[in-house]
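Trainee: I have a structure here, written as structure tokens, and I will follow up with some questions on it.
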Amino acid sequence: MNSQDKVLLVGDNPFHGISHLSQERSRTRGETPTNPTYAARLIGLAVENGANGFMFSVSEKTLTILDFLRKNGENNGLRLYVIVPYAYEYVRLACAAGGIPGLAKKLIKEIVFSGNLRAATSGLNGVFRSDPASLVKTYLLYEISRVKRSAGGKAKLESVLLHQLITDLCLSLGLDWVFRLYTEFLSKAGIIPGFNTGNFAFLVEKFREWNISLEDVVIAAPFNKVGFQMVPSREECEKALESLTKPSVVAISILAAGYLKPEEAVDYIAGLPNIKGVAVGVSKEKHATETFKLCRMRLL
């Protein structure tokens, strides 16, 4: 793979995280990754040292981070890998709105008032006809419009990935129509369809069984030296990875929740076939600088 096609993505997990007691001093200065201004600074530093993109779940916090990057002129050419839906936010909204029906009404209202006529029309048709496909398309149009509005025209929305909870649930239930609808709709929109999964080997197996091309999608899945979160095993995931015909995997959890040192984590990834790139979260300026310098040297 051409080094220009590789993605070194800043992950957003620390930006949604809970601060530890050791971060109390930095919290008082606002220097915590949960502060959107500081998070944007971390992304800017990471980009200066080798990162070329941002992988994130769509939430008010990450949209605010995108706003800061745009206003600071740090979004030029930034490759965006978007995960939808942000499950936590929608669970919280569902509770506040009185359950799923209340959430649906709130979402449709937001879509209608968003100014996205295509999404609004599709959504209303889906409601009136009880058409799940139209509702899925409406939701995707809505989230895409939110990201583009916050990121601005200089950033590149490269891929939209289905959240791990939804991906793995649909895999377990055999809902191949969801994957077909998702890939076809996003491909027509000029966006690479993606799937975030904790069951990489099973996803590869099912896509082949359903004749869904693995060449035209991006898969974000755990890969690390100790097999952390690699289901059913590191060996099976590596075997499935080797069977792919092109690099289409973004490795996540490469540090195994902090168990591995960056050097050994990156060296393991560098030895794997068919890796399109990595997504790594950073919580401090030193992390942003050192981690992506290392990734740039070893992976590009």
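The values are calculated or read from the model by the stated rules, or taken from the named source; none is laboratory data. These numbers were taken from a predicted model, which means no experiment stands behind them. Neighbour counts are summed over all protein chains in view; Cβ atoms, including those assigned to glycine, are modelled from backbone coordinates with ideal geometry.
Trainee: Return the residues of segment 1-16 that are modelled with pLDDT under 90, farther than 24 Å from residue 71 by Cβ and either touching a Pro at 6+ places or on another chain (Cβ under 9 Å) or surrounded by 12 or more Cβ atoms within 10 Å (Cβ to Cβ) (or both); say none if nothing qualifies.
Mentor: The answer is 1, 5.
Trainee: Here is a list: 257, 270. Which entry is modelled with pLDDT under 95 and surrounded by fewer than 17 Cβ atoms within 10 Å (Cβ to Cβ)?
Mentor: Going through 257, 270 in turn, just one is modelled with pLDDT under 95 and surrounded by fewer than 17 Cβ atoms within 10 Å (Cβ to Cβ): 257.
Trainee: Taking only pairs six or more apart or across chains, which ones have beta-carbon atoms under 8 Å, a first residue in segment 133-161 that is without any contact (Cβ under 8 Å) to a residue 40 or more places away in the chain and farther than 12 Å from residue 78 by Cβ, and a second residue that is among the basic types (Lys, Arg) and surrounded by 19 or more Cβ atoms within 10 Å (Cβ to Cβ)?
Mentor: Going by the 8 Å Cβ cut-off, there are no qualifying pairs.
Residue by residue, here is whether (1) modelled with pLDDT under 95; (2) among the polar types (S, T, N, Q); (3) surrounded by fewer than 19 Cβ atoms within 10 Å (Cβ to Cβ) holds:
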| position | (1), (2), (3) |
| --- | --- |
| 27 | yes, no, yes |
| 36 | no, no, no |
| 41 | no, no, no |
| 44 | no, no, no |
| 57 | no, yes, no |
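Trainee: Every residue in segment 175-208 that is in contact with a strand residue (DSSP E or B) (Cβ under 6 Å, 6 or more places away or on another chain), of a type outside the set (S, T, N, Q) and assigned to a helix (DSSP H, G or I), please.
Mentor: 182, 186, 200
Trainee: Taking residue 248 and the conditions (1) over 19 Å from the mean Cα position of the chain (by Cα); (2) under 30 Å from residue 145 (Cα atoms); (3) small (Gly, Ala, Ser); (4) surrounded by 17 or more Cβ atoms within 10 Å (Cβ to Cβ), which numbered condition does it fall short on, given that it satisfies the others?
Mentor: Status for residue 248: all satisfied but (1).
Trainee: To continue, here is another question. Under 7 Å between Cβ atoms, which residue pairs at least 6 apart in sequence (or on different chains) link something in segment 188-200 that is free of Cβ contacts under 8 Å to residues at least 40 places away in the same chain and within 18 Å of residue 147 (Cβ to Cβ) with a partner that is aromatic (Phe, Trp, Tyr) and outside any loop (DSSP other than H, G, I, E, B)?
Mentor: Every condition considered, the pairs that remain are 193/182.
Trainee: May I ask you to list the residues in segment 151-174 that are more than 18 Å from residue 65 (Cα to Cα), part of a helix (DSSP H, G or I) and not hydroxyl-bearing (Ser, Thr, Tyr)?
Mentor: Answer for segment 151-174, where residues must be more than 18 Å from residue 65 (Cα to Cα), part of a helix (DSSP H, G or I) and not hydroxyl-bearing (Ser, Thr, Tyr): 164, 165, 166, 168, 169, 170, 171, 173.
Rundown of residues vs (1) buried (at least 17 other Cβ atoms within 10 Å of the Cβ); (2) aliphatic (A, V, I, L, M); (3) touching a helix residue (DSSP H, G or I) at 6+ places or on another chain (Cβ under 6 Å), yes/no style:
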site: 198; (1), (2), (3): yes, no, yes
site: 210; (1), (2), (3): no, no, yes
site: 240; (1), (2), (3): yes, yes, yes
site: 253; (1), (2), (3): yes, no, no
site: 281; (1), (2), (3): yes, no, yes
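Trainee: Would you check which residues across segment 135-164 are touching a Lys or Arg at 6+ places or on another chain (Cβ under 7 Å), at pLDDT 95 or above and hydrophobic (A, V, I, L, M, F, W, C) and list them?
Mentor: Residues satisfying the conditions are 151, 157.
Trainee: Here's something else I'd like to know. Report the residue count in segment 212-227 for those that are in contact with a helix residue (DSSP H, G or I) (Cβ under 9 Å, 6 or more places away or on another chain), without any contact (Cβ under 8 Å) to a residue 40 or more places away in the chain, assigned to a loop (DSSP other than H, G, I, E, B) and under 25 Å from residue 11 (Cβ atoms). Working first, answer last.
Mentor: We begin by selecting, within segment 212-227, every residue in contact with a helix residue (DSSP H, G or I) (Cβ under 9 Å, 6 or more places away or on another chain); these are 212-214, 216-217, 219-227.
Restricting the remaining residues to those that are without any contact (Cβ under 8 Å) to a residue 40 or more places away in the chain gives 212-214, 216-217, 219, 221-222, 226-227.
Filter again for assigned to a loop (DSSP other than H, G, I, E, B), leaving 212-214, 216-217, 226-227.
With under 25 Å from residue 11 (Cβ atoms) added as a condition, the list becomes 214, 216-217, 226-227.
So the count comes out to 5.
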